1. If Ala12 satisfies all but one of (1) within 20 Å of the chain's Cα centre (by Cα); (2) open to solvent by less than 60 Å² (accessible area, probe 1.4 Å); (3) at pLDDT below 90, what's the number of the condition it fails?
2. How many residues does the stretch 47-82 hold that are closer than 20 Å to Gly34 by Cβ and more than 23 Å from the chain's Cα centre (by Cα)?
3. Does any residue of the stretch 35-46 turn out to be part of a helix (DSSP H, G or I), of a type in the set (A, V, I, L, M) and at pLDDT 55 or above?
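The values are calculated or read from the model by the stated rules, or taken from the named source; none is laboratory data. These numbers come from a predicted model, not from an experiment. We place every Cβ from the backbone using ideal geometry, glycine too, and count neighbours over all the protein chains shown. Ligands, DNA and RNA are stripped out before the accessible areas are found, and what is left, the full protein with its side chains, is counted by its heavy atoms. Shrake-Rupley method; radii C 1.70, N 1.55, O 1.52, S 1.80 Å.
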Amino acid sequence: MTIIKPLALLCALSLLAGCASFSEDGGFDAVQQGAERQLDKQVLWARDDAGRSQIAARVGELLAAPLDLDAAVQLALLNNRGLQAAFDELGIGEAERV
């Protein structure tokens, strides 16, 4: 009888541990959708070469045209290193959770 309780606890913990997994986007998708819905602006995460290239291409597009207020805000969001650091912390937070 005394061995059944620890064994049951071990089985329960094993099942719960199997439920935790990383999301494909590191939790960024919800942030991106919220920013686009609330700000009507695009936010991108430069977490790899593809993301950095996408940001560079978008910045180039914005700078090719005359700069207006909307473009300036969009550039500020894309080039904000503090915001990129916060996105990195989001990924780290998910890793700690998992």
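1. (1)
2. Residues in the stretch 47-82 being closer than 20 Å to Gly34 by Cβ and more than 23 Å from the chain's Cα centre (by Cα): 1 in total.
3. Yes, some residue in the stretch 35-46 is part of a helix (DSSP H, G or I), of a type in the set (A, V, I, L, M) and at pLDDT 55 or above.
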